[in-house]
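Values in this text are rule-based calculations from the coordinates and carry no lab data. Because the structure is a prediction, the values reported are computed rather than measured. Cβ coordinates were reconstructed from backbone atoms using ideal geometry, including for glycine residues, and neighbour counts include every protein chain displayed.
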Amino acid sequence: MEESSNTTKPGPGLGPEAGRSLLGRLARPLAVVLLIVVAVFAWQWYDARVQMSGLREELARRLRDSDADSRDARIVSRQTQEALREAQTKLTQLEAKLAESQNQQVALEALYQELSRSRDEWVLAEVEQILTIAAQQLQLAGNVQAALVALQTADARLARSDRLQFTPLRKVLARDIERLKGTPSLDIAGLALRLDQVIGQVDGMPLASEQRSAGAPRAAAARPEGNLWARLGTEIWDEVKQLVRIRNLENPEPPLLPPTQAFFLRENLKLRLLNARLALLARDQRTFREDLGVASTWIRSYFDARSRPVAAALASLKQLGASGISVELPSIAESLTAVRNYKISREKPSR
């Protein structure tokens, strides 16, 4: 009992053997701890080595992938550059074609403007010619209907061209058309035709002197036939009666005309009727009626009024003399002036 108490509770004055035993006992746990630490470090080193190996493999894989991606990128870049060069080439060709098409468009526009200008000038020239003819019809023949048709034709020609700049001209034409429509209608052509018919009948109308000469043989034929002395006495009595003539001055007999004077009478009558026709076309009513009056007087004086052709001619001349031909005609100078001024305004810019 005393020895156990001495061993468990050593005193301060222990010997060397006791110290070595104590160190031995302490070294065992330290060794165990050291082994554990070494094992831990070994495991960590192994784990780090494994991780490093994995990282190297991952890095190598990624490098391989990166190289592959880089190769693909270089291929794509090369293809992109080739496509870019092709696109630039095509763009250059397109720009050249665009410039060519623009030049062609400019040329076509210039050609269209020239053709349009030429077409408009042609239309204006045609309209001016139509209006000139209409003005001549009004001034020379007084033919309102022909002038109206001409104005309507000119307006239709401007309408077919479908040009907005012709609108003012069409307004002027419309005013002249309305003025012509409001003009009283006068059939100058019909009156002139009737007068021509009378002129054509002059050669066929019988003279009054021809009727008298035709009656003389009838009187001679009515003489009674007898012996020689009776006929001789009758002829002597006729000669005596020719020495003294009693004439009724209230109803003078028509003069006897030789054939040459009859020919000139008919020709002068035709000339008088032709003068009346010219006065009709010129709207000179005073001269027209005077010529018709003189012609009627000559017909009553020198022609057989009882014959049908002479009576028909006198009736026609009377109806013609009663016709009023002094109608104030409108003028289409406004339309003609408007067309000419428009042509001048178009010619100024081109100069």
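Karplus-derived 3J(HN,Hα) values for the stretch 161-173, using 6.51 cos²θ - 1.76 cosθ + 1.60 with θ = phi - 60°, are 5, 6, 10, 5, 6, 8, 4, x, 5, 5, 5, 5, 4 Hz; glycine and proline are entered as x.
For the stretch 22-82, the equivalent ellipsoid derived from the alpha-carbon gyration tensor has semi-axes of 57, 6, 4 Å in decreasing order. Where the centre of each part is set by its Cα atoms, how far does the stretch 291-321 sit from the stretch 29-93, in angstrom? For the stretch 291-321 versus the stretch 29-93, the Cα centre distance is 136 Å. Amide H to amide H distances under 5 Å link Phe303 with Ala208, where only residues 5 or more positions off or on other chains count and H is placed in the peptide plane. For the stretch 283-318, trypsin sites (Lys or Arg not before Pro) meeting the loop criterion (DSSP other than H, G, I, E, B) and having at most 10 other Cβ atoms within 10 Å: Arg306. The phi-based Karplus calculation (6.51 cos²θ - 1.76 cosθ + 1.60; θ = phi - 60°) puts the 3J(HN,Hα) values of the stretch 125-135 at 5, 5, 5, 4, 5, 4, 5, 5, 5, 5, 5 Hz, whole numbers, x for Gly and Pro.
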